[in-house]
Amino acid sequence: PLILDYPDCLNLSHALSRSMTLFVMCHEIAHCQLDHLHKTQSRELELQADKLAAEYFVKIVLRDKSQVKNSAFIDPKVAAAPILLMRLLETYEIWQNAKGIDISLSSSPPKAVERIDTISPIIQPNLDEKALHILDGMSKALEDLNTSFS
């Protein structure tokens, strides 16, 4: 019942999760476009796919809403969703490390901070004031959470 008292938060949560999902889809399409399907997974291939996915994602964000003829629309205020997704992954990595859990895999995927460094220069310059405000607020909340693991 408490969440129903905050419909704006519920709407924001839905929009962010939808945008994060769309970024993941862009990432997987990027793997196809970059001909990664039959290659062994590596940090470099993942970062290449992240970079191209960020470029695709920005194109979707910047499209004129009136020209959209399908459901692949991202509200500009949640355009920081891919960066926030990687910050969530970073929080997970910090939590795992604090618990002493080894999360390294044989394919050694890139760390969240590498992914953030790859996509932020592409996405962040295209964020409007509301998106920057949401990114800042949620990033600070995750930083607070991360310090609690120490």
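The values are calculated or read from the model by the stated rules, or taken from the named source; none is laboratory data. Since this is a predicted model, take the numbers as computed values, not measurements. With ligands, DNA and RNA removed, areas are computed over all heavy atoms of the protein, side chains included. Shrake-Rupley method; radii C 1.70, N 1.55, O 1.52, S 1.80 Å.
Please compute the length gained on full extension between N146 and L62, using 0.36 nm multiplied by the number of residues separating them and subtracting their Cα-Cα distance.
Values: separation 84, 0.36 × 84 = 30.24 nm, distance 3.22 nm.
That pair, N146 and L62, stretches by 27.0 nm at full extension.
With a 1.4 Å probe and all protein chains kept in place, how much accessible area does H14 have, in Å² rounded to the nearest 10?
Taking all protein chains as shown, H14 has close to 120 Å².
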